[in-house]
Amino acid sequence: MRVSFNVNGEDVTADNVWPGESLLYVLRERLGLPGSKNACEQGECGSCTVYFDGVTACSCMIAAGQAEGRRVRTVEGLAKEPGKGGDRSLSDVQEAFVEMGAVQCGFCTPGLLVQTDDLLERTVGAGKKAPADAEIREALAGNLCRCTGYEKIIDAVHLAAERRAEAGSAS
């Protein structure tokens with residue numbers, strides 16, 4: 001079957017998709033977007049988290065055919081639009097994760113970045129106060145990391161929230 005949908009603001013079509021194929025497989029193997037990781041294939045680890053019509057979801061649990069006519073935003077779509085050089089720059093969340101050392105093996109990182117972006121959009125981006133540790137832990141509870149111990153991840157979320165709040169108050 002043919003599946004047409006919007007990925008990171010661009011209309012795309014994937015041909016020869018078989019009925020049981022996951023959205024994750026289509027993103028990685030057919031569309032060349034390897035950011036979302038294939039780990040558990042059961043919706044348990046969060047490594048493949050994407051925005052699906054504006055709501056975060058595990059792309060391994062979405063049949064590719066369900067994406068027909070929908071909007072998907074991957075970790076690649078978090079980056080800022082290209083500047084003069086044509087390269088995309090890192091988002092505030094991506095920069096904070098790098099600066100705080102919240103990235104180790106990197107397998108869980110794409111899902112954590114998408115979930116963090118979503119959390120900050122619902123809090124700081126909606127004019128609410130920055131999330132507390134307990135709110136961060138709850139928001140990221142579906143994302144498993146075996147390397148970091150989560151403390152640096154929480155520090156990165158706080159840094160990104162602070163920067164997003166500063167950027168919001170400057171505009």
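The values are calculated or read from the model by the stated rules, or taken from the named source; none is laboratory data. These figures come from a predicted structure and were not determined experimentally. Positions of Cβ are generated from backbone atoms using ideal geometry, with glycine treated the same way; all protein chains shown enter the neighbour counts. Surface accessibility is based on the protein's heavy atoms, side chains included, excluding ligands, DNA and RNA. Shrake-Rupley method; radii C 1.70, N 1.55, O 1.52, S 1.80 Å.
Does region 83-92 include one or more residues that are open to solvent by less than 60 Å² (accessible area, probe 1.4 Å) and aliphatic (A, V, I, L, M)? No: zero hits. Considering only residues of region 128-140 that are outside any helix (DSSP H, G or I) and open to solvent by less than 70 Å² (accessible area, probe 1.4 Å), which is modelled with the lowest pLDDT? Only one residue fits best here, namely A130. Out of everything in region 141-171 that is aliphatic (A, V, I, L, M) and free of Cβ contacts under 8 Å to residues at least 60 places away in the same chain, what residue ends up being nearest to E99 (Cα to Cα)? Of everything passing the filter in region 141-171, I153 is nearest to E99 (Cα to Cα). Residue pairs whose Cβ atoms lie under 8 Å apart, sitting 6 or more positions apart in sequence or on different chains, and linking a residue in region 15-41 that is within 21 Å of L144 (Cβ to Cβ) to a partner that is of a type in the set (D, E, K, R) and in a helix (DSSP H, G or I), are P34/R28; G35/E76; S36/R28; N38/R28.
Consider L113 carefully, then state whether it is free of Cβ contacts under 8 Å to residues at least 40 places away in the same chain, not charged (D, E, K, R) and not assigned by TED's automatic domain parsing to the domain that holds L27. So L113 passes the test.
Every test in (1) within 18 Å of the chain's Cα centre (by Cα); (2) at pLDDT 95 or above is passed by Y150 save one, and that test is (2). Looking at region 146-171, which of its residues are open to solvent by less than 60 Å² (accessible area, probe 1.4 Å) and touching a helix residue (DSSP H, G or I) at 6+ places or on another chain (Cβ under 7 Å)? Result: I153, I154, A156, V157, L159, A160, A161, R164, A165, G168.
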